[in-house]
Each structure stands twice: as structure tokens, then as C-alpha cells.
Amino acid sequence: MENDVHRSVSLRASRRPDRFYNNFQIKGADGFFDADKSSSDYPIKVIWKRGFVRLLLVGGILWMMLILAVLLFHIWTCQSSLVFLSAICNKDSTVFHMLHVMGVVTPPHRCSIPLANDPEKVVIPEKRSPSKFVQSLSYFEEDDANTNGSESSPLFGGHQSWKQREESFKLKSSMKVHCGFMRNGGADMSPKDIDYVKRCKFVVASGIFDGYDTPHQPSNISLRSRKLFCFLMVVDEISLEFIKQNVTVREDGDEGQWVGIWRLILLKNPPYDEPRRNGKVPKILTHRLFPQALYSIWIDGKMELIVDPLLMLERYLWRGKHTFAIAQHKHHKSIYEEADSNKRRKRYARPLIDHHIKIYRYEGLDPWSPLKKTKSDVPEGAIIIREHTALNNLFSCLWFNEVNLFTPRDQLSFGFVVYRLKGNFNFFMFPNCEYNSIFILHPHTREHSSKIEWVKSLNELKGNNSGLKESRGGLGLWSPYPADLNLVVLPPVARTSKAG
């Protein structure tokens, strides 16, 4: 009996695969599934899928190798000392900027400038650039010398209040701001020089103060530029006497004084105690010294210009439809890096630099990062190329006001004013290697040094040493700031270069 039961179970089990196989065949006949067809197509599908994956992998690898080859070629051309290869490198590109930030590419000290071929063929724009944001700009000319109930003599930069400073950063169609040249504040120009500069529409300006340099004659200047530009060298009385003792100064029929191509412009009654601060007047306030000028190029007195100025305007302004151009600093991008370098190099009293930068930090200035719209917050200020538009003139005034209120280190203030104008001031920051190809650098006739530059603590400015403090500049460093700066913590600085 048991044997019959086991035989019945085994028969049922043996029939199940057949039934299952028959069902497959039936479904296949109905169009649902065909086991024979599926088994023949399966290897083809597998091969096709594997081939497609391999094709994608090979294509991706080739694409990555192509990108790598292009990057390597880009790096090679940018690092090459050959002029032809260096010219291929686009130093304004986002790729080069990213490689520089990553530390893969080190910009060369000098590189070729993509200048136009012939100054005679440069087309000068017939119309001025349209005014944006600011249509009318005027200046305070009378200093409100009554501060804290006590009378004081007028200051060149005026007694600007914190409230006036804050209002000056708010762009309006019509604006009136502090911009130096307060009546009886100093920096007086002789009538003959005033008459001469009225004819100057295109200006190359430079300056020498406290006898630290002698004029260096520009080279490669075309005949057209010699006729078009006024070459104006602003000097103080000490420098004028020093120049007369060391080089030949000739006088014209109008009693104008010349050294080669440079017309000497004497500023009597220097407005500041510190020669470095006096030098900022013609450098930043070029539009106020030469109000008829449409375009100006500033170059520091220790430099010899070796590029035609008309070609410079075409390259840095007209070609890209810019109105303000300045070079990128070679080492620093953040104002906090520059401040740290200034302290290490003893460019001004260390605690006063800290106080200056704490104000900027309190007012919201972040360290530079690649997320910012500007290439850098720190320029090389020795060369400035600009069209004298209302907005550019306003920027120059605000920049000068910061130099007047705080330390004379103008590279600390440039990026801050750009920040306070909230992206409304556009400028062209060109590569540092081009900047170094514009001039030949000459050493000062003597090393500049001021006692206040060696101050390490505020205690050194008290008591018998109180005379170290400037009496006519940097007053914002001593005026009570309308906030507690003791709680301000400066961001850490990574010293990424040997500069300083």
C-alpha cells in the first residue's frame, strides 16, 4: 500500500516539468513568450549592451584625455618664455584664473601686451561713455572746521563726519561729496599752471614728493601721442629744488618749467605731514587737478613709461568698452592679506592698520574668494587708466576719502569702496604680467621712511611721542567710531607668498 502511494507521488512530480514546459510553449504560441526565440536573442543583447558600455567608457576616457591635453597645452603656453607661445595663452580666461587659484599656474612676471599695431590708426571715440547711476557730481569746498565745539584750521580733505561718509556710498542721480581741495586746505596750483592744464583733454600724469625721484622720460611715444597728450609731473617745492639740482629744467615763454617731455606742475602748501599721503592727491584726484581732462593715465614717479599712451587707452578702455582699468596685484587678492603684508613690511603703524581694517570688517567686508565678481580686491595702484565719467570721478573721491580718513595705504581702500558701491562700479582688472610690461622700474633716490611706520603699539604714540601722529590726515583713526570695534575679530590670513 505504501509503495503505491510513493509511486503516485513520484509520478506527479515527474509530470510537473512537462506541464510547465508545455505551458511555456502554449504561451509562446499565443504571443506571450517564446522560449526558443528568447534563448537565441539573449546572447546578442548581452553582447550589444557590453559593447555599448565599453564604447561609453572608451569615449569618456578619450574625452578626458583630450581635456587633459588642452589643459597641459594651456599651462605650457602660459608658462613659456617664448613670446609666440605666451601670446597664445589667454590670461583673462576663466580656465587660467581657476588654474592660478589652484596653484597649478604661476603667472609670468612679464608678458606681451596685445596692443594695436599702429597708433596712427587708432580710432578715438567721438562720444563720451554714457553716465550710469550718477548724472551730476559736485563737491564740498568749504570745510566745517567746527568740531566738538572747538575751531580748527581747514583741512584739505575736510572734517567729514561718519554720517556724511555713510551717505556718500549711496548712489543717487545728483550727489555732493567730500573730494579734497577745501578752500585754504593746501595743494595750491599757480595761475600759469592752471591756465596750461585747461587745454589738456588727454593726460599722462605722474608725481614726485619729498625729493624721492627724478623724472624718467617715456619711450616709444608716437608723434600722434606727443601732440595729443599732456605729460604732467606734479611736484612739491622740495622735489622741484631737488630736480633742479640733478637734471636740466628749462623754462618756456610762459614761465612753464619742463624736464624733457614732462611739464612740471608745482603744488604749494602740501596738505599733509606724510609725503606718501601727499602723493595720493594727484594719483587719485587726477580729475580734480585737471578738470578739463577726458582721459588720464597715472604712472608712479619711479617708473619709466615704455608703451604708447594712445595704445594703452585702446587696449585697456576702448577695446573692451571699459572706463576704468587697473592691474591685479601679483601676490594678494584679499585686503586682509595686504594689511598683513603692510604690517610685516612696516608700511604704517601696525595698530592703526588693524584699526583701519577692523572698521572694514565691521562694515561687512569679507575676505576675497572666487565667488566674488571681481578678480581681486587688491590692485597694483601704480598705474591707473580711466575715463573721467561722473561715476569714475565719484569712485575716485570716495577712494581718496578713505585714504584721507585712515591709513595712506590706498591698496587697502580700493576693494572696500568697490564693495560699498554694491557692484555698480565696473572696472577692468588686467593681468599683472601686462602691468609689469608697461614700465621700467627705477629705484628711489633714497629710501622712504617715516617714524610712524615703525610703531608697534598705541602706547608708542602717547606722551612725548604724541608728535608722531599726523595732524592733518588719518583723523578717522582717532575719531570715536560709532560702534564697538573691540568685539571685531579679523579673519585669519594664510601667507601664500613670500611678499613682505
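The values are calculated or read from the model by the stated rules, or taken from the named source; none is laboratory data. Keep in mind the model is a prediction, meaning the values are calculated, not measured. Positions of Cβ are backbone-derived with ideal geometry, glycine not excepted, and every protein chain shown enters the neighbour counts. These accessible areas exclude ligands, DNA and RNA; they are computed on the full protein's heavy atoms, side chains included. Shrake-Rupley method; radii C 1.70, N 1.55, O 1.52, S 1.80 Å.
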The correct count of residues that are open to solvent by less than 10 Å² (accessible area, probe 1.4 Å), touching a helix residue (DSSP H, G or I) at 6+ places or on another chain (Cβ under 6 Å) and outside any helix (DSSP H, G or I) in segment 349-376 is 2
Going through (1) in a strand (DSSP E or B); (2) within 22 Å of H442 (Cβ to Cβ) one by one, M175 fails only at (2)
Please tell me if G415 is open to solvent by less than 10 Å² (accessible area, probe 1.4 Å), at pLDDT below 95 and within 13 Å of the chain's Cα centre (by Cα).
no
Checked pairs for segment 424-439, first closer than 21 Å to K132 by Cβ, second open to solvent by 10 Å² or more (accessible area, probe 1.4 Å) and basic (K, R), C-beta under 8 Å and 6 or more apart or across chains, list as N424/K132; M429/K375
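Would you point out which residue out of S129, S136 is small (G, A, S), surrounded by fewer than 13 Cβ atoms within 10 Å (Cβ to Cβ), touching a Ser or Thr at 6+ places or on another chain (Cβ under 6 Å) and at pLDDT 90 or above?
Answer to the selection: S136.
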The number of residues in segment 172-216 that are out of contact with any Gly (no Cβ under 8 Å at 6 or more places or on another chain) and open to solvent by 50 Å² or more (accessible area, probe 1.4 Å) is 13
Of the residues in segment 406-421, those that are farther than 18 Å from D300 by Cα and either of a type in the set (V, I, T) or in contact (Cβ under 8 Å) with a residue 60 or more places away in the chain (or both) come to F406, T407, G415, F416, V417, V418, R420, L421
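Within segment 354-368, which residues are in contact with a Ser or Thr (Cβ under 7 Å, 6 or more places away or on another chain) and closer than 19 Å to P408 by Cβ?
H356
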Might you let me know whether segment 433-448 holds any residue that is open to solvent by 30 Å² or more (accessible area, probe 1.4 Å) and of a type in the set (V, I, T)? yes
Expected output for segment 470-483 (first residue farther than 13 Å from R277 by Cα, partner open to solvent by less than 50 Å² (accessible area, probe 1.4 Å) and part of a loop (DSSP other than H, G, I, E, B), Cβ below 7 Å, 6+ apart or cross-chain) is G476/F406; L477/F406
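Being touching a Ser or Thr at 6+ places or on another chain (Cβ under 8 Å) and of a type outside the set (D, E) is the filter here; which residues of segment 289-310 pass it?
Listed by number, the residues that qualify are F290, A293, S296, W298, I299, G301, M303, L305, I306, V307, P309, L310.
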